[in-house]
Amino acid sequence: MEQQLIFTQHVTEEIDRLADRINPARTFVLVDTNTSHFVLPLLQSESEAVKGATLITIPSGDVNKGLESAAIVWKALTAARASRHDLLINVGGGVVTDLGGFAAATYKRGIHFINVPTTLLGAVDAATGGKTGVNFEGFKNQIGVFSEADAVIISTAFFNTLTHSEMMSGYAELVKHALLTSNKEFTKVITHELDDSQDADNSTLLRLLEHSVNIKKKIVDADPHEAGLRKALNFGHTAGHAFEAMALKQLNPVPHGYAVAWGMVVETILSHMIKDFPSDTVHALAAFVRRNYGTFHFTCDDYPALLSFMAQDKKNHDAAHINFTLLEKVGHPCIDCTADDKQISTALDIFRDMMGI
């Protein structure tokens, strides 16, 4: 069946409805050590499908989003003699839905899976759109496939388990989608005050989330395998993944959304340099990011490493040209743009100045 996007605060009812529809012989639930503690007990108490499922647990954290964790899932499915008609329910943040989707898509060339994102970042980014994958050799999402979940159940019901930094990490993707849409959307998103004490049950956040996910869905539906338009969703990610990879190499990982937020500042600076993107919007974004995300500290001595990480990005057509999605103005992305080392280094200089480094 085609992927469904379900926005609801009644998560367990939707899990059971979907499980009845798929009618698997066996159901498996994938969690990490965090969701096993904070979310799983509630689902087991209220959902018949989850209560009767075989549980698979992987270590939490992006450092564990690798082939070793994928093998835990494959081994559990193999030990249970799972078939292509069985169901895997991925409950967790982006690590769980990315890795679980990859494991489900590759086990016996594909079994049914449902994503239940429990973080804002997972809901707006990893759980939707059909990208699955794992990190490899220090590089983000280096191995993966396109495979859409049967359904994604999106709710704010579990957000009260998140820290402020986890909420802000997800919020960066809403900012990105807004920049790809309109000035009105951008202004609305950067002026919404994210209140940890209220937003878990706040219908306003769920509406913002639904609107943002549907912006992404419209792009993905037009270009499911990233042949063209979908590359717009990579905005902020070339520089962002480089920040993230450097932090991982330094054994001091940063939240993905924070890296994307910093990456968007770098790439709006490049957009201004190359595409004449409005400088007032660059400054508005930089001020919002500095106020809410702080900054990533690096010096000019780190430029070669950052450029090397960007050169390894899977979006590049070849090693000699670093590929970016840039913006002519808000709502007008330009895909397959390239910048040379000098331009990128200049953008990093300006970033450090704007962010107070």
Of the criteria (1) in contact with a His (Cβ under 8 Å, 6 or more places away or on another chain); (2) open to solvent by 30 Å² or more (accessible area, probe 1.4 Å); (3) in contact (Cβ under 8 Å) with a residue 60 or more places away in the chain, which one LYS249 fails: (1)
The range 220-249: number of residues that are outside any helix (DSSP H, G or I) and under 14 Å from GLU137 (Cα atoms): 0
Residue among VAL189, VAL213 that alone is in contact with a strand residue (DSSP E or B) (Cβ under 8 Å, 6 or more places away or on another chain), modelled with pLDDT of 90 or more and of a type outside the set (D, E, K, R): VAL213
Subset of the range 12-25 [under 17 Å from ALA149 (Cβ atoms) and either of a type in the set (Val, Ile, Thr) or open to solvent by less than 90 Å² (accessible area, probe 1.4 Å) (or both)]: GLU14, ILE15, ASP16, LEU18, ALA19, ILE22, PRO24
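Here's the yes/no breakdown for (1) open to solvent by 70 Å² or more (accessible area, probe 1.4 Å); (2) closer than 30 Å to VAL220 by Cα; (3) of a type outside the set (Lys, Arg):
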{"residue": "GLN4", "(1), (2), (3)": "no, yes, yes"}
{"residue": "HIS10", "(1), (2), (3)": "yes, yes, yes"}
{"residue": "THR27", "(1), (2), (3)": "no, yes, yes"}
{"residue": "LEU30", "(1), (2), (3)": "no, yes, yes"}
{"residue": "THR35", "(1), (2), (3)": "no, yes, yes"}
{"residue": "LEU42", "(1), (2), (3)": "yes, no, yes"}
{"residue": "SER45", "(1), (2), (3)": "yes, no, yes"}
Cross-chain or 6+ apart pairs with Cβ under 9 Å, the range 76-102 first and more than 21 Å from SER169 (Cα to Cα) and free of Cβ contacts under 8 Å to residues at least 40 places away in the same chain, then in a loop (DSSP other than H, G, I, E, B) and among the small types (Gly, Ala, Ser): ARG84/GLY110
Tally, over the range 123-160, of residues that are more than 14 Å from the chain's Cα centre (by Cα) and polar (S, T, N, Q): 5
In the range 252-266, the residues that are in contact (Cβ under 8 Å) with a residue 60 or more places away in the chain and in a helix (DSSP H, G or I): HIS256, GLY257, TYR258, VAL260, ALA261, TRP262, MET264, VAL265, VAL266
Evaluation of VAL265 against (1) open to solvent by less than 20 Å² (accessible area, probe 1.4 Å); (2) at pLDDT below 95; (3) within 23 Å of SER169 (Cβ to Cβ) (one fails), failing number: (2)
Close pairs (8 angstrom Cβ cut-off, 6 or more residues apart or separate chains): assigned to a strand (DSSP E or B) in the range 1-25, open to solvent by less than 20 Å² (accessible area, probe 1.4 Å) and hydroxyl-bearing (Ser, Thr, Tyr) anywhere: LEU5/THR128; PHE7/SER155
Test for PHE113: is it in contact with a helix residue (DSSP H, G or I) (Cβ under 6 Å, 6 or more places away or on another chain), open to solvent by less than 10 Å² (accessible area, probe 1.4 Å), within 23 Å of VAL213 (Cα to Cα) and aromatic (Phe, Trp, Tyr): yes
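The values are calculated or read from the model by the stated rules, or taken from the named source; none is laboratory data. Just so you know, these numbers come straight off a predicted model, no measurement behind them. Here Cβ is always computed from backbone atoms with ideal geometry, including for glycine, and neighbour counts include all displayed protein chains. When the accessible area is computed, the model is the full protein with side chains, heavy atoms only, and any ligands, DNA or RNA have been set aside. Shrake-Rupley method; radii C 1.70, N 1.55, O 1.52, S 1.80 Å.
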